[in-house]
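A.B. asks: Take this structure first; my questions come after.
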């Protein structure tokens, strides 16, 4: 057996061990369904906020202090214009009240009504209307103004029939600028979200071998680089299982989505084509995972205790968010120096290049980027293994490399 | 099998940790098919030497040849190793643990699992084949790890302090297993600071202290470094008896011990009988490996050990 084949076999043996040791545990179910738990809490919170918001919206009013005939005209115009708004964007309901006494005083007094929240009041006549609005309700005041104007225009048009345009939905054949930009952000955010969830798992994996003292057996039988790569691939397998599970679930939910939303998703028009984009998304997710994972694995391997491993979670999150921010800036300014820097810097490269796949065509930059990123995975793994061998895998009270750097003596 | 006749050759191995030379130019030559002991007090550099020879850590200077290759990793599938710090995955079963180590050393899972079952049965752990490692006693877990080191039938078996933590019954089992491996044709290299095992098992041994090799040879050659001891019990004793015994004679209860005189013990015994001290007990004993070890490494370097005279 050649040396390369032996190392590959040993790497896969370790990957298999880590994969099964992670997946075949009750804790894995908790991990697998963590997004569901998160979504449930989000939904509960959102529902509560929506209820509070809905309750408040139900009590909001646009008050009319007009003559009865003008109130009917405004009511008709409101019915027509209100159809433009859907869902939560509906303006407050119209509350037509009889005008009496000083209209200005009456309008001012309407805002003191404790039974409802008066957003705006229209008073006077439709030829000379005045609108008062409470702070934060300028849009409602504008709506009332448009409704009043529409009411007058309708009267002036007389009985002539108004045109009824035919409305038809079309799907863009060519990728629009908006579609490409949306695809870019989708790619960057998608990979960020997945790696944020999944790559941090790698950081503590070497702690198991150190605590169980299995590392000595592994190090005698297998090159440390194979140990590191095997552990990384094992956890990548776990990540793939997680992604496959949720992709299946979400695809089934997606089939139940209303046509408008599904059509909206179809507006994601990556420049490289949907098939190629999906392929590159998967490839860049893989390299992003392996890059961040190899760095986290190398750093985590230096930690002596689980407490030290836990302390690493904050810097890890900061690194991930920083890479996301860099790649997002690159997507916003695709031809800038920051875009080039983001594509070249190993840890942000997968994010930036995924965004680029959505924004511009051409395969060669991606093949070169993937090779570049995989080279850095190899560098990170080799460096991590060497630091581990030099700093940890020796008898006596030798200190890990980072401790020797930070703590003298 | 090594074509040079040696399974392991170490030439001037040096390892420094900071300013400290933990191993300072150690030479070893382990004949193929032999049981070879590396003896030394705690902190002598035994484990570091073994680790360097296996390629776990790299020497700062010197060279090593393991099964005819200067790259120990290339011989990885032909080597079995039991480290000083025992370690197994607690969530694995005994069978999985042995099969996992077999897979690391080149066997496929199916073969590894089959051999694991056979080995566990033969070692008296048949009842624990599917038990989790965390459920096993320390001695049983140690035995499982040892089986993991031999499951791929290595040409070279390296055991670092294999007897530590084992009860006498399991120590005996381990000795039997080592002898069985030697009979199979394997070379066994083990470190220990317990002399009985080395004395019973080793064909050759090296004694290391302070990072340096102080002795290399057979057990008999080590014991021959010290003169034979006379153990004498008189029928009666008084204050003048020590004057008749050779210089340096020491009393241990009723017994007196002294170095066998160069002209033999007969003349001395005649004088003792004539003086009325008589002979209630007499034996002439070769010094044990423990005594030789203490002599070689220096008394201060060694914790008190059991009497190993034979």
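A.B. asks: Under the definition of Cα pairs under 8 Å and six or more residues apart, what whole-number percent is the relative contact order of chain A?
C.D. replies: 19
A.B. asks: So if R0 is 56 Å, what FRET efficiency would residue A:44 and residue B:109 give, r being the distance between their Cβ atoms, rounded to the nearest 0.05?
C.D. replies: My answer for the efficiency is 0.75.
A.B. asks: At 7 Å along the Cα-to-beta-carbon direction for both residue B:179 and residue B:270, put a label point, then send me their distance in nm to one decimal.
C.D. replies: Taking the two extended label points, one gets 4.4 nm.
A.B. asks: If you take the beta carbon distance between residue A:196 and residue B:226 as r and set R0 to 51 Å, what does 1/(1 + (r/R0)^6) give as a FRET efficiency, to the nearest 0.05?
C.D. replies: Working from the Cβ atoms, E equals 0.15.
A.B. asks: I've got another one for you. Can you give the angle from 0 to 90° between the axis of helix B:168-184 and the longest principal axis of chain B, with both taken from C-alpha atoms, to the nearest 10?
C.D. replies: It works out to around 70 degrees.
A.B. asks: Relative to the longest principal axis of chain A, what angle (0 to 90°, nearest 10) does the C-alpha long axis of helix A:224-255 take?
C.D. replies: It is inclined by approximately 30 degrees.
A.B. asks: So, R0 is 51 Å and r is the distance between the beta-carbons of residue B:138 and residue A:333; what FRET efficiency does that work out to, to 0.05? Don't skip to the end; give the middle numbers.
C.D. replies: Numbers: r = 62 Å, r/R0 = 1.22.
Efficiency, rounded to the nearest 0.05: 0.25.
A.B. asks: Another question, then. Modelled label-to-label distance, residue B:255 and residue A:311, 7 Å Cα→beta-carbon offset: nm?
C.D. replies: The two pseudo-label positions are separated by 5.7 nm.
A.B. asks: Sort A:104, A:366 by Cβ crowding within 10 Å, fewest neighbours at the top.
C.D. replies: By the 10 Å Cβ count, ascending: A:104, A:366.
A.B. asks: What would the Debye equation give as log₁₀ I(q)/I(0) for the protein assembly as shown at q = 0.06, 0.10 Å⁻¹, counting only Cα atoms as equal point scatterers?
C.D. replies: At q = 0.06, 0.10 Å⁻¹ the computed log10 ratios are -0.59, -1.06.
A.B. asks: Another question about this same structure. Express the relative contact order of the range A:3-106 as a whole percentage, based on alpha carbon pairs under 8 Å and six or more residues apart in sequence.
C.D. replies: It comes to 26 percent, rounded to a whole number.
A.B. asks: From the C-alpha gyration tensor of the range B:218-266, pull out the three semi-axes of the equivalent ellipsoid (sqrt of 5λ each), sorted largest to smallest, in whole Å.
C.D. replies: 24, 12, 9
A.B. asks: Would you mind ranking A:235, B:101 so that the residue whose beta carbon has the fewest other beta carbons within 10 Å leads the list?
C.D. replies: If I rank by nearby Cβ atoms, fewest first, I get A:235, B:101.
A.B. asks: Also: By average Cβ neighbour count within 10 Å, what is the ranking of A:60-70, B:176-186, A:127-137 from highest down?
C.D. replies: Result, highest mean Cβ count within 10 Å first: A:60-70, B:176-186, A:127-137.
A.B. asks: Starting from the Kirkwood Rh over alpha-carbon pairs, what translational D in µm² s⁻¹ does chain A have by Stokes-Einstein at 37 °C and 0.692 mPa s?
C.D. replies: The Stokes-Einstein estimate is 124 µm²/s.
A.B. asks: Tell me what chain B gives for mean residue ellipticity at 222 nm when only DSSP H runs of n ≥ 4 count, each as -39,500 (n - 2.57), the sum divided by the residue total, rounded to 500 deg cm²/dmol. Please report the intermediate quantities before stating the final value.
C.D. replies: Values: 10 runs with 98 residues, N = 310.
Computed ellipticity for chain B at 222 nm equals -9000 deg cm²/dmol.
A.B. asks: For the Cα atoms of chain A, what angle does the longest principal axis make with the long axis of helix A:68-82, in degrees from 0 to 90, nearest 10?
C.D. replies: Long axis of A:68-82 versus the principal axis of chain A: about 20 degrees.
A.B. asks: Mind jotting down the distance between the C-alpha centroids of the range B:192-214 and the range B:221-278, whole Å?
C.D. replies: Computed from Cα coordinates, the inter-centre distance equals 30 Å.
A.B. asks: On average, how many beta carbons from a partner chain sit within 10 Å of the beta carbon of a residue in B:83-94?
C.D. replies: Counting Cβ atoms of other protein chains within 10 Å of each residue's Cβ and averaging gives 5.
A.B. asks: If contacts are Cα pairs under 8 angstrom and at least 6 residues apart, what is the relative contact order of chain B in percent?
C.D. replies: In percent, rounded to a whole number, it is 19.
A.B. asks: Right, here's the next one. Sorted from fewest to most neighbouring beta carbons within 10 Å, what does the list B:233, B:26 look like?
C.D. replies: B:233, B:26
Any read-out appearing in this document is the output of simple, stated calculations on the displayed coordinates, not a laboratory observation. Just so we're clear, the structure is a prediction, and the values are computed from it rather than from any experiment. Note that we place each Cβ from the backbone using ideal geometry, even for glycine, and neighbour counts take in every protein chain shown.
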